[in-house]
Amino acid sequence: MSNILAILGATGQQGGSVLEFVLNDPELSQKYKIRAITRDVNSEKATKLKEKVEVVQGDVLDRASLKEALTGVHTVFSVTTPSFGPNALEDEYNTGKAIADVAVESGAQYIIFSTLPAVKEISGGKYTNVFPFDAKAKIEQYIRGLPIKSAFYSGASFMENFQSQAFLAPRQNDDGTWVLARHVSPQSKFPLIDAVGDTGKFVGAILAEPDKYEGKTFCAAAAIYTMEQIAAILSKATGKTVVYKQIAVKDFKEGIESFGLPPVLADIFVDGFSFGEEFGYFGPNSEKLVAWSAQNARGRLSTFEEYLEAHPLQLE
């Protein structure tokens, strides 16, 4: 008999990747029956999902609806989205905590949580603005203390962001060249993952062998690239001259804010890139953590070059 796998954020990049991977894996599709949980069951994405899996209404901010959605579930894939209000870290933490508490109350046996590194803690308090990471790290620590088996997926920076985050994309110079600008050195290292294509391969490994990976964290990336390498790959893929340029922190912040984005978002990226340069995206031993995770993934991962071939980036 199949166990029910509840996927929160099933219409999003990570949840959607897990859903598609399980459906298309001969072993996992027999082992698990998917229940997609979404706030709006009538949205376009949810309606399409109904053709493939069970879709139920569940709102992470409404404990009663969440409890109903998780009734009878064996395994929960949980993902939280950042809050940007005055109590951003606590708001996201409380959401993640509520999901975990309801999962335990509902009799679930296993939680897989989409976590991120504890930036403030790893940096000894040096970098305090990356609260979307710190909130998830705090949720992870909470889950580890609950009477339920758990494992964790920690995603690198999404390759998709080069298309969705215009404020960080290369910009054209007067001489026609394109500049990828950050305040960190050209040799600073940055792990990347095809979130839609490959998240399921890491989570799928946990679902296939939950006891083997209990308590483990997959630091999920296809590879770690230097900023200079990223610019060179973008250049080759687009056919444009893309160069990397290290700029002042002030200029980097102003560049983000010039898109009408709040200073708080600029602060997140400033501290995030600085932390990655100094400590590694996943903290100490990032290279080893990424290598182990890639080795244990359930399937071959897409390189950045392959991702751009499949999803061309238009610079114009």
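Would you point out which residue out of 154, 185 is under 19 Å from the mean Cα position of the chain (by Cα), in contact (Cβ under 8 Å) with a residue 60 or more places away in the chain and not in a helix (DSSP H, G or I)?
On the way: 185 fails: under 19 Å from the mean Cα position of the chain (by Cα).
Unique residue meeting the criteria: 154.
The residues on offer are 164, 258, 235, 185, and the sole one that is more than 30 Å from residue 292 (Cα to Cα), among the polar types (S, T, N, Q) and open to solvent by 20 Å² or more (accessible area, probe 1.4 Å) is 258. Looking only at residues that are touching a Ser or Thr at 6+ places or on another chain (Cβ under 6 Å) and part of a helix (DSSP H, G or I) in segment 188-197, which one is least open to solvent (accessible area, probe 1.4 Å)? Looking at residues that are touching a Ser or Thr at 6+ places or on another chain (Cβ under 6 Å) and part of a helix (DSSP H, G or I), I get 197. In segment 290-303, the residues that are hydroxyl-bearing (Ser, Thr, Tyr) form Cβ pairs under 7 Å with partners that are in a loop (DSSP other than H, G, I, E, B), at six or more places apart or across chains, as follows: 302/194; 302/222; 303/222. Residues in segment 1-27 that are open to solvent by 40 Å² or more (accessible area, probe 1.4 Å) and either part of a loop (DSSP other than H, G, I, E, B) or farther than 17 Å from residue 76 by Cβ (or both): 1, 2, 11, 13, 20, 23, 24, 26, 27.
All conditions in (1) part of a helix (DSSP H, G or I); (2) open to solvent by 20 Å² or more (accessible area, probe 1.4 Å); (3) in contact (Cβ under 8 Å) with a residue 60 or more places away in the chain hold for residue 281, with the sole exception of (1). Among the residues making up segment 36-47, none is at pLDDT 95 or above and farther than 19 Å from residue 99 by Cβ. Of the residues making up segment 118-134, none is touching a Pro at 6+ places or on another chain (Cβ under 8 Å), outside any helix (DSSP H, G or I), within 22 Å of residue 262 (Cβ to Cβ) and of a type outside the set (S, T, N, Q). One residue alone among 207, 146 is closer than 30 Å to residue 5 by Cβ, buried (at least 22 other Cβ atoms within 10 Å of the Cβ) and touching a strand residue (DSSP E or B) at 6+ places or on another chain (Cβ under 9 Å), and that residue is 207. For segment 249-276, residues that are closer than 22 Å to residue 82 by Cβ, in contact (Cβ under 8 Å) with a residue 24 or more places away in the chain and among the charged types (D, E, K, R) total 2. Summed over segment 28-84, residues that are of a type in the set (D, E, K, R) and either assigned to a helix (DSSP H, G or I) or open to solvent by less than 60 Å² (accessible area, probe 1.4 Å) (or both) total 9. You will find that of 200, 204, 255, 272, the residue that is among the small types (Gly, Ala, Ser), assigned to a helix (DSSP H, G or I) and touching a Lys or Arg at 6+ places or on another chain (Cβ under 7 Å) is 204 and no other.
The values are calculated or read from the model by the stated rules, or taken from the named source; none is laboratory data. These numbers were taken from a predicted model, which means no experiment stands behind them. With ideal geometry, Cβ positions are generated from the backbone for all residues, glycine too; neighbour counts draw on all protein chains shown. All accessible areas refer to the heavy atoms of the entire protein, side chains included, with ligands and DNA or RNA removed. Shrake-Rupley method; radii C 1.70, N 1.55, O 1.52, S 1.80 Å.
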